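Take a look at the structure below.
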Amino acid sequence: MAHVVVGLGNPGPEYRDTRHNVGQRVLDALARRLHASWRRDGPGVVARGQWRGEAVRLIKPISFMNESGPIIAKLLRRVDAGTADMILVYDDIDLPLGTVRLRMKGSHGGHNGVRSVLAALGTQEVKRVKVGVGRPDQKADVPDHVLTTFERDELPVVEAAVEQAADRVLALLA
């Protein structure tokens with residue numbers, strides 16, 4: 001049985017550096033730390049590594065954020081893991097930019113990607129690492145906000161948060 005860390009995001013190079021893909025940035029940081037390389041594996045991109053003698057699979061679903069639940073459920077079955085073995089990493093507009101929070105269970109909190117995952121897995125008992133990307137001034141601007149790239153002056157804060165989130169994931173794995 002392996003530990004599984006899933007980073008939410010959207011597929012394709014046009015989304016790679018957006019706020020919505022910060023969860024996948026965290027997985028890239030983890031892959032570097034674990035000396036793991038990415039390979040296509042069915043409906044996802046997977047990196048296999050070891051942390052303190054335990055197998056760890058990092059997974060980036062190849063699906064759009066709001067439709068990621070069924071793909072994640074399929075990938076968990078594919079690697080013979082359950083929700084208790086999984087940590088979900090994603091962006092959170094309700095947290096200030098650069099804030100990292102852990103949550104061991106709970107609702108989707110309005111995040112449509114998390115809503116999809118919880119619905120597909122049939123449980124709210126999912127460990128999460130959330131990375132704050134800030135909230136736009138107007139609620140109507142949320143879709144545009146999460147699909148924009150970070151401003152140049154925000155990048156040092158984001159990179160520090162990505163490293164802190166990777167630390168938190170590894171602590172949860174321990």
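Of the residues that make up segment 151-168, is at least one among the hydrophobic types (A, V, I, L, M, F, W, C), surrounded by 15 or more Cβ atoms within 10 Å (Cβ to Cβ) and part of a loop (DSSP other than H, G, I, E, B)?
No, every residue in segment 151-168 fails to be among the hydrophobic types (A, V, I, L, M, F, W, C), surrounded by 15 or more Cβ atoms within 10 Å (Cβ to Cβ) and part of a loop (DSSP other than H, G, I, E, B).
Among residues of segment 35-58 that are on the phi > 0 side of the Ramachandran plot, those with a Cβ under 9 angstrom from a residue that is assigned to a strand (DSSP E or B) and surrounded by 16 or more Cβ atoms within 10 Å (Cβ to Cβ), sequence gap 6+ or separate chain, pair up as 35/49. Here residue 142 does not fit the description of being hydrophobic (A, V, I, L, M, F, W, C) and under 14 Å from the mean Cα position of the chain (by Cα).
Sub-8 Å Cβ pairs linking a first residue in segment 94-112 that is surrounded by 14 or more Cβ atoms within 10 Å (Cβ to Cβ) to a second residue that is of a type in the set (Ser, Thr, Tyr) and in a strand (DSSP E or B), at least 6 apart or interchain, are 111/90, ordered by first then second residue. Filtered by the rule that a residue be within 15 Å of the chain's Cα centre (by Cα) and of a type outside the set (Phe, Trp, Tyr), segment 80-94 gives 83, 85, 86, 87, 88, 89, 91, 92, 93. For segment 121-144, residues that are in a helix (DSSP H, G or I) and surrounded by fewer than 19 Cβ atoms within 10 Å (Cβ to Cβ) total 6.
Taken together, the values in this text are just the output of simple stated rules run on the coordinates, not laboratory data. The shown structure was predicted, so the numbers you read here are calculated from the model rather than taken from an experiment. Backbone-built Cβ (ideal geometry, glycine too); neighbour counts: all protein chains shown.
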